[in-house]
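This report refers to the structure that appears directly beneath it.
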2 protein chains.
Amino acid sequence: MTIQEIRSATVNADEERLLEEGLQSVEDAMLKVVNSDVTVLRDASQHILQAGGKRVRPRLLLLAYLAAGGTDVEYASPPGAAVELMHTASVVHDDINDHGVVRRGRPSVNAKWGRTFALLTGDFLFTAVYELMAPYGELNRDLAAAATGLVEGETLQAWAVKNNEFTRENYIRIIGLKTAALFKSAGSMGAKLANASEEVIEALSNYAYNIGLAFQIVDDILDIVGDEEKLGKTAGIDLEQGRGFAAVDGEAEDIMESVKRKLMSGNRLQEARDQAQGLVQMAIASLNVLPDSFAKQGLVDLANLIISRDH
Amino acid sequence: MTIQEIRSATVNADEERLLEEGLQSVEDAMLKVVNSDVTVLRDASQHILQAGGKRVRPRLLLLAYLAAGGTDVEYASPPGAAVELMHTASVVHDDINDHGVVRRGRPSVNAKWGRTFALLTGDFLFTAVYELMAPYGELNRDLAAAATGLVEGETLQAWAVKNNEFTRENYIRIIGLKTAALFKSAGSMGAKLANASEEVIEALSNYAYNIGLAFQIVDDILDIVGDEEKLGKTAGIDLEQGRGFAAVDGEAEDIMESVKRKLMSGNRLQEARDQAQGLVQMAIASLNVLPDSFAKQGLVDLANLIISRDH
């Protein structure tokens, strides 16, 4: 090995260790903030958090932080925990509205504790986000905007399904709000926590927004082709309720039949995969302004993983 | 009139005008932040906000701010809007769990838009709180703690009713969390926005916490003796579901009958009124550290109004 290679390998090992420390710190921060005296809130929160989940959002935040030159992962991990808890709050409420009974391979909070406590557990996870973020000043603007976007996206989706207006235009707007906005906040907060330049903040925000869009498109593909075992949640719910990319152009009378017909006759799934692939390529291109590092490579890998994942 | 009386009257008129301006600014801030592009969220939020309500919490925050020497009500009004929206979010979700169909004299969001949109509207109001508070730095700690307390109190209440553990001890804990914590945050934030001393912050926090307890006790009394017309919400729900101060000591088998028997035979209502009166007196005593002013008198009047109100 050349000296440069040795130095590079050492830096990589350091950054890899920091990422792992950061992810552990995210887990600790989440469990600490939900450790309520009110047993049912603590139990239900631990139930959903300890079921795992991919932790894509905090990983994204930490990688963005490290790629932008940050080194204090203890400082960056509470916002990482906050983005994951925001996502978790939304899935707990989602499972009420969608009657989802399996989530992350476990009974949903709704299935196990009933609607009243599921509603309150989701609220509690929202307030936990707020508590975690209280010390982070201006960063609250980023996450507050993402939180509002998330709720707006979920609402627009429910409205579009109910009113038979699940057009392609609405679909893009919905996934931008309900998924990509929170990804974007993870990217922008990671960059800002590292005191990055405006250029780097914008690059990491764009990267994150685009992989957020791709992530949701792939999720909707998996919702059609996946099975319950792989997904760990009640598969086909999104589809049954007329959501997902395939449910476009306003037809929703017998959406399942319509979608199946289209999948048989056309190439909608391939189109969607191509679109996700294009978004991931754009996302990776945004990273050009960053110096090479383990974390930058981690962001590239994360983007590619989003396309190749099967759950 | 003496010169001192004239000066005092002028100051009072200024402070009175500032309070009115602040309350108008709170209304404006609330309507602005819920002005979402997603029509159903905007409509449902406006529906519940424009139904009125007593605005006790923002009034408390603004009076605390003015009594502590603050003069920039534009600056203090977004946190005032935030405490009112936090309360509103919780009642929207409460009406889902309690099947409340009337709220503030109008159909509840749940009754008018259905459960899915009521759940999302409540979530949206929470995120509106978060957006309003994002610029307010450390104050977020106060409101985040109150928000968590609110959800914990609602949860503890639901749990106590379900498990037949609605003891007097649990009742005090519940109303401290679900009502007094948010009042306290209004008092403490008002004082902090005015850069008050630690002594004044503590006095206004204690004042607010105690009138919060009194407010909830009186609310529970009104829930028993009130009628739908006066209350503007589905009366008796709290009672039917085994909540409220009368439902103590663990009996909940046939709670309505049991409560009625007690009210006939005993003096529970009078005991509760006395307790609320004592809390209000303590609250008013806390104000001694403040110089006399229109706003201080306003806080005294607010405390007394809480006892004397009939809706």
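Restricting region A:280-298 to residues that are under 14 Å from residue A:191 (Cβ atoms) and polar (S, T, N, Q) leaves a set whose member that is nearest to the chain's Cα centre (by Cα) is A:286.
The helices (runs of 4 or more DSSP H) falling completely within region A:245-311 that include 1 or more residues that are modelled with pLDDT of 50 or more, out of contact with any Phe, Trp or Tyr (no Cβ under 9 Å at 6 or more places or on another chain) and farther than 28 Å from residue A:169 by Cβ map to A:294-308.
For residue B:134, the criteria (1) within 14 Å of chain A (Cβ to nearest Cβ); (2) more than 29 Å from residue B:73 (Cβ to Cβ); (3) at pLDDT 95 or above hold in every case but one, which is (2).
Close Cβ contacts (under 9 Å, 6 or more residues apart or on different chains) running from residues in region A:140-155 that are facing chain B (nearest Cβ under 7 Å) to residues that are surrounded by fewer than 24 Cβ atoms within 10 Å (Cβ to Cβ) and among the aromatic types (Phe, Trp, Tyr) comprise A:140/B:136; A:155/B:117.
Among A:168, A:103, which is the only one that is touching a Lys or Arg at 6+ places or on another chain (Cβ under 7 Å), modelled with pLDDT under 95 and more than 8 Å from chain B (Cβ to nearest Cβ)? Reasoning before the result, please.
Numbers: A:168 fails: touching a Lys or Arg at 6+ places or on another chain (Cβ under 7 Å).
Only one candidate passes the filter, namely A:103.
What helices (runs of 4 or more DSSP H) lie completely within region A:4-107 and have 2 or more residues being without any contact (Cβ under 8 Å) to a residue 40 or more places away in the chain and surrounded by fewer than 16 Cβ atoms within 10 Å (Cβ to Cβ)? Give the derivation first.
Details: elements: A:39-50, A:56-67, A:73-97.
The qualifying helices (runs of 4 or more DSSP H) are A:39-50.
Scoring residue A:159 on the criteria (1) surrounded by fewer than 23 Cβ atoms within 10 Å (Cβ to Cβ); (2) more than 7 Å from chain B (Cβ to nearest Cβ) leaves a single failure, condition (2).
If the condition is being more than 21 Å from residue B:300 (Cβ to Cβ), of a type in the set (Asp, Glu) and part of a helix (DSSP H, G or I), then region B:158-204 contributes B:169, B:198.
Selection of region B:108-124 for residues being in a loop (DSSP other than H, G, I, E, B) and away from every other protein chain (no Cβ under 14 Å) yields only B:108.
Listed here are the residues, each with its yes/no results for (1) touching a Ser or Thr at 6+ places or on another chain (Cβ under 7 Å); (2) surrounded by fewer than 24 Cβ atoms within 10 Å (Cβ to Cβ).
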position: B:127; (1), (2): yes, no
position: B:138; (1), (2): no, yes
position: B:143; (1), (2): yes, no
position: B:155; (1), (2): no, no
position: B:165; (1), (2): no, yes
position: B:176; (1), (2): no, yes
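Residue A:75 meets the conditions (1) within 14 Å of another protein chain (Cβ to nearest Cβ); (2) out of contact with any Phe, Trp or Tyr (no Cβ under 7 Å at 6 or more places or on another chain) in every case but one. The failed one is (1).
The values are calculated or read from the model by the stated rules, or taken from the named source; none is laboratory data. Keep in mind that what you see is a predicted model, and the values were worked out from it rather than measured. Cβ coordinates were reconstructed from backbone atoms using ideal geometry, including for glycine residues, and neighbour counts include every protein chain displayed.
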